[in-house]
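This report concerns only the one structure given below.
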Amino acid sequence: MSERNQTEQDSGNGGASRRNFIGAVAAAGGLAAIAPGIHLVQVSQARPAGEGASKAVRWGMLIDTTKCASGCNDCVKACATENGINETVKDARQGSQWIRKIDIKEVKTGTTHSLPMMCQHCANPPCVDVCPTGASMKRADGIVLVDRHICIGCRYCMLACPYKARSFVHQALTEQNPEVPRGQGCVESCTFCVHRIDKGQQPACVETCTQAGHNAMLFGDLNDPNSEIARRVAQVTTTQVRADLKLDLGVRYQGI
Amino acid sequence: MKIEQYTPAEERLFYVLLALGGLVSAIGLAAAYYMEHFGHAVTGMTNQVFWGLPHVFGIFLIVAASGVLNVASIGSVFGKKVYKPRAPLSGLLAIIMLAAGLAIIMLDLGRADRVLIAATHVNLTSVFGWNMILYPVFFGLVGLYLWTLMDRRMNAYYKAAGFSAFIWRLVMTTGTGSIFGFVVARQAYQSAILAPMFIIMSFAWGLAVFLLVQRSMYSWNNMVLHPAVRQRLKNLLGTFIAAVLYFVIVYHLTNLYYAKQVAFEHFILVSGGIYPVLFWGGYVLLGTLLPLFLLYHPAIWKKSGAVSVAAALTIVGGLCQLYVFIIGGQAFPLEMFPGMEVTSSFFDGAIGTYVPSLPEILLSVGGLGIGFTLTVVGVRVLRFLPQDDLAMLTDAGYLHD
């Protein structure tokens, strides 16, 4: 320490300018440390690269149909943008729809509801049961995915899914999002925006719904009793679509 | 050993048939390549009706492949002598039809180039996964059975091999029926009755195919099936056709018993457009009642060609039945919200439409071409023409005069 002080004293003015420089570097470094820190508020839940998904987590979604307006397609558009679902199809029946808006009307009372429908991320997914290659799989944290690299395009999972949640890619694709591989001849479905979740972000549909002020979609860890979704699911009556199948869904609906 | 030489006319016929079968197969393969290259956008299949005509033909062949082995089983397992000379042809057709059916299904895959992944991955909760085991073992067992029939040194084992193949074919068709039976999501399927129903369908369709192939081979060799054998076989076909009808009635009655299935039954049987037409006109009338009439009318069944026409109609009826079952089952919308009217941009709540495109039709017919070509080559190389021994028939009690 004394040796370094001596050196600084010896350097005279030069030493002062170096201190200024070090100070400036330290300030810039501090700023650089703080700036990602702002981002770190969001990525604090992110999983470190190389670490597997945790069984302790069960990602889920709660959809409040009383806040979901008929005709609003914000979540559908956000999904398409995020996942690069932008191809033009000649026949609309051959196009992929990872999330869609369904309008339902009770025949007897005339009551109507509008709600988004997508992969329900079942705890006991029939698509995974029937897949002959292991392409349909469930991650430890409950997210049901298709490994587009080993899917052979047999469409058995589409037959097995009670929610019509899966689409088959009928044509060649271009301009894909590198984080969301898709491909002709393979089956695909909602991933809960797994690439965003792993970075500590929300699925694109939920983020957009919230940013637009609709607040009809809530995403989080159903296993964490302190999470908002777990608290809400514990407080209000929620519905699992086709609960008779006992698939234990990750997506729940409120208000239907 | 003296090998009978073919006449020039027979040689010519063989090559004409080979060329014809080869051409149809090649067109089918070209159609598959076209679909693979441009994607399923060039088919009539959609995200609602995603199994189409290739699946109807492919599953028909796979089911009938199991049934065609029945002829051999009756001889080897149940000891009926009249069926024994037919066992080699029966086994050969079983292998060929399974291969042709699988060819269609595999060529229709979105990524047919990855089929080895399915062959090397085991998922025991998947009925498709079971089939990856069931089909190769079937090939092996029927091949072994043919070996025991053709090689005198192996003759001692033919009963054991025949019995194994018989049991395995029942398991295999249980697997095919369960592809649908284990699907809980859809009104058309999710029924335990589908496994035995597919087995009895395999009996009828397989025997029908066998009778047509046998008839063609006899015609080309200027032979006539002995009336006693013919009567025995036509009675068996009639019994199988009636048994399929019984299962179909029970299947629909079971669905009607559950209130939630009534809408689906109304769709399939009454209001669903092409599906009721194919069910009543194709399956019930053409594929069941007319063949039963032809087979059991005391004067008509004896006329030349009557049994063959009945067999051909059984096949047409079977294809209609599968079309209604597979495509009609998908066209009817999934019921996610009981008691609700449902609409969406993804055609929720709407009846799915499906019109097969030319490539699909060509692939399906191409699969039949592959089966035909392999049969033409197989029966020529292996000389599996069933020949009845009059002494054997008398001994077996088929001839009384």
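Exactly one of these conditions fails for B:Leu322: (1) open to solvent by less than 20 Å² (accessible area, probe 1.4 Å); (2) part of a loop (DSSP other than H, G, I, E, B); (3) not polar (S, T, N, Q). Give me its number.
Of (1) open to solvent by less than 20 Å² (accessible area, probe 1.4 Å); (2) part of a loop (DSSP other than H, G, I, E, B); (3) not polar (S, T, N, Q), only one is false for B:Leu322: (2).
Could you please give the count of residues in the stretch B:101-126 that are β-branched (Val, Ile, Thr) and either in contact with a strand residue (DSSP E or B) (Cβ under 7 Å, 6 or more places away or on another chain) or more than 7 Å from every other protein chain (Cβ to nearest Cβ) (or both)?
So the count comes out to 4.
Please work out which residue is nearest to the chain's Cα centre (by Cα), limiting yourself to the stretch B:127-142 and to residues that are over 15 Å from B:Phe180 (Cβ atoms) and within 7 Å of another protein chain (Cβ to nearest Cβ).
Filtering the stretch B:127-142 for residues over 15 Å from B:Phe180 (Cβ atoms) gives B:129, B:132-142.
Remaining after also requiring within 7 Å of another protein chain (Cβ to nearest Cβ): B:129, B:132.
Working: B:Gly129: 21, B:Met132: 18 Å.
So, considering only residues that are over 15 Å from B:Phe180 (Cβ atoms) and within 7 Å of another protein chain (Cβ to nearest Cβ), the one nearest to the chain's Cα centre (by Cα) is B:Met132.
Right, A:Lys138: at the interface with chain B (Cβ under 7 Å from one of its Cβ atoms), open to solvent by 10 Å² or more (accessible area, probe 1.4 Å), modelled with pLDDT of 95 or more and under 20 Å from the mean Cα position of the chain (by Cα) or not?
Working: at the interface with chain B (Cβ under 7 Å from one of its Cβ atoms): no; open to solvent by 10 Å² or more (accessible area, probe 1.4 Å): yes; modelled with pLDDT of 95 or more: yes; under 20 Å from the mean Cα position of the chain (by Cα): yes.
Here the answer is no, as A:Lys138 does not meet what is asked.
Give the stretch A:83-134 a look and list any residue that's open to solvent by less than 40 Å² (accessible area, probe 1.4 Å), without any contact (Cβ under 8 Å) to a residue 40 or more places away in the chain and among the small types (Gly, Ala, Ser), or say none.
A:Gly110, A:Gly134
Here is a list of conditions, (1) assigned by TED's automatic domain parsing to the domain that holds B:Phe138; (2) touching a helix residue (DSSP H, G or I) at 6+ places or on another chain (Cβ under 6 Å), and B:Gly206 meets all of them except one; can you say which number that is?
B:Gly206 satisfies every listed condition except (1).
Is it true that some residue in the stretch B:62-74 is among the small types (Gly, Ala, Ser), within 27 Å of A:Ala92 (Cα to Cα) and assigned to a helix (DSSP H, G or I)?
So far as the stretch B:62-74 goes, no, none of its residues is among the small types (Gly, Ala, Ser), within 27 Å of A:Ala92 (Cα to Cα) and assigned to a helix (DSSP H, G or I).
Residues are listed down the side, and each one gets a yes or a no for (1) within 7 Å of another protein chain (Cβ to nearest Cβ); (2) open to solvent by 20 Å² or more (accessible area, probe 1.4 Å):
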residue: A:Gly153; (1), (2): yes, no
residue: A:Tyr156; (1), (2): yes, no
residue: A:Ala165; (1), (2): no, no
residue: A:Phe168; (1), (2): yes, no
residue: A:Thr174; (1), (2): no, yes
residue: A:Pro181; (1), (2): no, yes
residue: A:Val187; (1), (2): no, no
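Can you tell me which residue is farthest from the other protein chains (Cβ to nearest Cβ) among those in the stretch B:41-54 that are open to solvent by 10 Å² or more (accessible area, probe 1.4 Å) and assigned to a helix (DSSP H, G or I)?
B:Leu53
Looking only at residues that are closer than 27 Å to A:Arg231 by Cβ and within 13 Å of another protein chain (Cβ to nearest Cβ) in the stretch A:73-100, which one is nearest to the chain's Cα centre (by Cα)?
A:Cys79
Restricting the search to the stretch B:217-243, which residues are more than 19 Å from B:Gly318 (Cβ to Cβ), touching a helix residue (DSSP H, G or I) at 6+ places or on another chain (Cβ under 8 Å) and open to solvent by less than 40 Å² (accessible area, probe 1.4 Å)?
B:Met217, B:Leu225, B:Ala228, B:Val229, listed by residue number.
For B:Phe38, are the conditions met, namely being within 21 Å of B:Val142 (Cβ to Cβ) and open to solvent by 50 Å² or more (accessible area, probe 1.4 Å)? Explain how you work it out, then say what you get.
Numbers: within 21 Å of B:Val142 (Cβ to Cβ): no; open to solvent by 50 Å² or more (accessible area, probe 1.4 Å): yes.
Taking the combined requirement at face value, the residue does not satisfy it.
Can you tell me which residue among B:Val209, B:Val229, B:Val213, B:Val224 is at pLDDT 95 or above and not charged (D, E, K, R)?
From the options B:Val209, B:Val229, B:Val213, B:Val224, the qualifying one is B:Val209.
How many residues does the stretch B:325-361 hold that are outside any helix (DSSP H, G or I) and within 28 Å of B:Val24 (Cβ to Cβ)?
4
In this structure, is B:Ala299 more than 20 Å from the chain's Cα centre (by Cα), without any contact (Cβ under 8 Å) to a residue 40 or more places away in the chain, farther than 30 Å from A:Arg100 by Cα and not assigned by TED's automatic domain parsing to the domain that holds B:Tyr251? Lay out the reasoning, then the answer.
Details: more than 20 Å from the chain's Cα centre (by Cα): yes; without any contact (Cβ under 8 Å) to a residue 40 or more places away in the chain: yes; farther than 30 Å from A:Arg100 by Cα: yes; not assigned by TED's automatic domain parsing to the domain that holds B:Tyr251: no.
Answer is no for this residue.
When B:Gln5 is evaluated against the numbered criteria (1) within 14 Å of chain A (Cβ to nearest Cβ); (2) modelled with pLDDT under 95, which criterion, by number, is the only one it fails?
Going through the list (1) within 14 Å of chain A (Cβ to nearest Cβ); (2) modelled with pLDDT under 95, B:Gln5 breaks only (1).
Consider B:Tyr246 against the criteria (1) open to solvent by less than 60 Å² (accessible area, probe 1.4 Å); (2) closer than 25 Å to B:Leu69 by Cα: it satisfies all of them except one. Which criterion is unmet?
Answer for B:Tyr246: the failing condition is (1).
Among the candidates B:Leu69, B:Leu61, B:Leu92, single out the residue that is closer than 27 Å to B:Val244 by Cβ, of a type outside the set (D, E, K, R), open to solvent by less than 10 Å² (accessible area, probe 1.4 Å) and more than 14 Å from chain A (Cβ to nearest Cβ).
Working: B:Leu61 fails: open to solvent by less than 10 Å² (accessible area, probe 1.4 Å); B:Leu92 fails: open to solvent by less than 10 Å² (accessible area, probe 1.4 Å).
The conditions single out B:Leu69.
Contact list please: Cβ distance under 8 Å, first residue in the stretch B:315-340 and in contact (Cβ under 8 Å) with a residue 12 or more places away in the chain, second residue acidic (Asp, Glu), pairs at least six apart or on different chains.
Listed pairs, sorted by first residue: B:Pro333/B:Asp348; B:Leu334/B:Asp348; B:Met336/B:Asp348.
Here's the yes/no breakdown for (1) at pLDDT 95 or above; (2) farther than 18 Å from B:Ile59 by Cβ; (3) touching a Phe, Trp or Tyr at 6+ places or on another chain (Cβ under 6 Å):
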position: B:Ile104; (1), (2), (3): yes, no, yes
position: B:Leu109; (1), (2), (3): yes, no, no
position: B:Ala119; (1), (2), (3): no, yes, no
position: B:Val122; (1), (2), (3): no, yes, no
position: B:Thr125; (1), (2), (3): no, yes, no
position: B:Phe128; (1), (2), (3): no, no, yes
position: B:Asn131; (1), (2), (3): no, no, no
position: B:Phe138; (1), (2), (3): yes, no, yes
position: B:Val142; (1), (2), (3): yes, yes, no
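Hey, does the stretch A:205-217 have a residue that's open to solvent by 30 Å² or more (accessible area, probe 1.4 Å) and closer than 30 Å to B:Gly339 by Cα? Please lay out each step first, then the result.
So in the stretch A:205-217, the residues open to solvent by 30 Å² or more (accessible area, probe 1.4 Å) come out as A:207-208, A:210-215.
Restricting the remaining residues to those that are closer than 30 Å to B:Gly339 by Cα gives A:214-215.
The answer is yes; a qualifying residue exists.
The values are calculated or read from the model by the stated rules, or taken from the named source; none is laboratory data. Not measured: the values here are computed from a predicted model. Quick reminder, even Gly has a Cβ in these numbers, built from the backbone with ideal geometry, and neighbours come from all protein chains shown. Areas reflect the complete protein model, heavy atoms only, side chains present, ligands, DNA and RNA absent. Shrake-Rupley method; radii C 1.70, N 1.55, O 1.52, S 1.80 Å.
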